[in-house]
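Heads up: the structure comes next, in structure tokens.
The values are calculated or read from the model by the stated rules, or taken from the named source; none is laboratory data. Worth saying up front: this structure is predicted, and the values here are computed from it rather than measured. Here Cβ is always computed from backbone atoms with ideal geometry, including for glycine, and neighbour counts include all displayed protein chains.
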Amino acid sequence: MRNGIFARRFINLLAGAVLFTGIGATAQAKEGGIPVGTVNGETLWLEDVMRQAERLPDEFRQAPLANYFDQLVTDMIDARIAADAARAARYDSKGEVASAMRIAADRVLAESWLGETVAAEVTDAAIEKAYQKFVADTGSREQVTASHILVETKDEAKAIIKLLEGGADFAELAKSKSTGPSGPNGGALGTFSRGQMVPAFENAAFALADGSFSKTPVQTQFGWHVIKLDKKNIAPAPTLEAMRDQLVQNLSSQSLGRVLEELRAKQDIKIRSFDEIRKDALAAGNANQ
């Protein structure tokens, strides 16, 4: 999926706009909406204020709506009366302004259409199906409890493996020979899931059987390791409700990507390379000097 800046921005808006269940955030008809005020006899609607709120940065949206609601309304009024003044001065006929207005209109139309299209696919049934797929994928929730002994050279690690094969105690060897910070604790690393350790260490640890240790030294950027697997288990799956927001986000992203790819496949789109554009821009700049 080719997610651009617009697509990522849309997904962020979708979480707060299309799927937002707060007051006034649904796409209700304005005839049944809640008025906020008027400007020269024209009504300002709560729905429009909420749409502006949904576009605020996260640090603002995390605060109670009451903290900035009045300012939102004031900003909308200022924008409307300034826009009326601009129209009266025929600013909307200026080439660069008309172009910017078309781009803004395209984004509003795109977000509205994509929002409804994606929301129609992110149903309770789709969320449930995605959750059951996650629950069935136990590999993604596999975790291990392991210990290790870290030394500087491969030969040192080989010598430790021979001692272990001869019956030496792993924890005691870690305390006396490991150079890692876990050495004083017998090399214990605790429990971790995939993606939390460097790949070479992780692959070796997850390949071991319970109670076994690595028969060959494992090299990472930190040195040479001898790894002991204490136990392997599957972390319990979170509840559907605990995962709902994440599932909605994932499904929305997948749906958006598919819709945009299908649209692009039907269009005749040609994009010049950045280097070509930069070359033309430099040439134009030099010609104007």
Just need a number here: residues in region 105-127 that are surrounded by 13 or more Cβ atoms within 10 Å (Cβ to Cβ) and either aliphatic (A, V, I, L, M) or under 21 Å from residue 247 (Cα atoms) (or both). 11
Scan region 215-234 and give yes if some residue there is part of a loop (DSSP other than H, G, I, E, B), in contact (Cβ under 8 Å) with a residue 60 or more places away in the chain, of a type outside the set (Gly, Ala, Ser) and more than 30 Å from residue 119 (Cα to Cα), otherwise no. yes
Going through (1) within 30 Å of residue 187 (Cα to Cα); (2) out of contact with any helix residue (DSSP H, G or I) (no Cβ under 8 Å at 6 or more places or on another chain); (3) touching a residue at least 40 places away in the same chain (Cβ under 8 Å) one by one, residue 159 fails only at (3)
Selection within region 180-207 - free of Cβ contacts under 8 Å to residues at least 40 places away in the same chain, surrounded by 17 or more Cβ atoms within 10 Å (Cβ to Cβ) and either of a type in the set (A, V, I, L, M, F, W, C) or not in a loop (DSSP other than H, G, I, E, B) (or both): 183, 197, 202, 204
Name the one entry in 26, 21, 38 that is farther than 28 Å from residue 244 by Cβ and either outside any helix (DSSP H, G or I) or modelled with pLDDT of 85 or more (or both). 38
Would you check if residue 63 is at pLDDT 95 or above, of a type in the set (Gly, Ala, Ser), out of contact with any Pro (no Cβ under 9 Å at 6 or more places or on another chain) and more than 30 Å from residue 229 (Cα to Cα)? no
